[in-house]
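Novice: Pasting in a structure now, in structure tokens, and then I'll have a few things to ask.
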Amino acid sequence: MFKSGDYVVHPRCGVGRVVKLSIEQFVQGEKHLFYEVLFSDKTVWVPLKQTILGIRELSAKSEIEDCRQALMAPAEDLNKDLRLMQMELVSRLSLGTLTARCEVIRDFYAHMWMKPIGGTINAILQVAQLVLYQEWAAIEGITPDEAEIEIETLLERGRQIVAGE
């Protein structure tokens, strides 16, 4: 259970701070417990018992080194069928871990060097990247822009290693 002031990660909204736990009724019916979470540009009420698209605590600083290695590792091949590719993307991101997010970003980064991706998949990836930059920044004590630069550098270094450059 989170308490007021805890920093948490939401898979779509990024890093936020728990304001309080409150009882709310947003639609007719029963009242439920919600976390009120403040993000940089909005407040979101997350049901206490929500397991899918819920909030989780920030990853441990020790996971960052695993992520650095994952970002530079050879990419996994993606399904050529865009519908199946999108389903895989959503499935992998639903794991909710920082490492899983890094691996997804790495694989799509490598794929986009060969063939750009647009539409829904691109929109999902953009959100995934922003959340990754925010969490990385919060863990490392840097800005999201600095996190983006480090992550992009690691991805490029990994691409060069695979290409033998």
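Novice: Choose one of 78, 58, 114: the residue whose Cα lies farthest towards the positive end of the charge dipole of the stretch 38-126 (beta-carbon charges +1 Lys, Arg; -1 Asp, Glu; about the Cα centre).
Specialist: 58
Novice: Restricting to Cα pairs below 8 Å that are 6+ residues apart, what does the relative contact order work out to for the chain? Please round to a whole percent. Write down the numbers at each step before the final one.
Specialist: Values: 219 pairs, mean separation 36.8, N = 165.
Contact order relative to length: 22 percent.
Novice: Lysines near residue 42 by alpha-carbon distance under 25 Å, same-chain residues fewer than 8 away left out - which ones?
Specialist: Excluding near neighbours in sequence, the set is 3, 20, 31.
Novice: Given the -39500 (n - 2.57) contribution per DSSP H run of 4+ residues, what per-residue ellipticity at 222 nm results for the chain, rounded to the nearest 500 deg cm²/dmol?
Specialist: Numbers: 5 runs with 82 residues, N = 165.
Helix-only estimate at 222 nm: -16500 deg cm²/dmol.
Novice: In debye, nearest 20, what is the charge dipole magnitude of the stretch 1-50 about its Cα centre with +1 on Lys and Arg Cβ and -1 on Asp and Glu Cβ, if you could check?
Specialist: Dipole of the stretch 1-50, to the nearest 20 debye: 80 debye.
Novice: Sort largest first and round to whole Å: the equivalent ellipsoid semi-axes of the stretch 7-57, each the square root of five times a Cα gyration tensor eigenvalue.
Specialist: Numbers: eigenvalues 71, 26, 18 Å².
Those come to 19, 11, 9 Å.
Novice: Going from the alpha-carbon gyration tensor of the chain, what semi-axes, largest first and in whole Å, does one get by taking the root of 5 times each eigenvalue? Walk me through the numbers before you get to the answer.
Specialist: Values: eigenvalues 199, 72, 28 Å².
Whole-Å semi-axes of the equivalent ellipsoid: 32, 19, 12.
None of the figures in this text is laboratory data; all of them are computed from the coordinates on show. Please read these numbers as outputs of a predicted model, since none were measured by experiment. Heads up, the Cβs are rebuilt from the backbone with ideal geometry, glycines too, and the neighbour counts pull from every protein chain shown.
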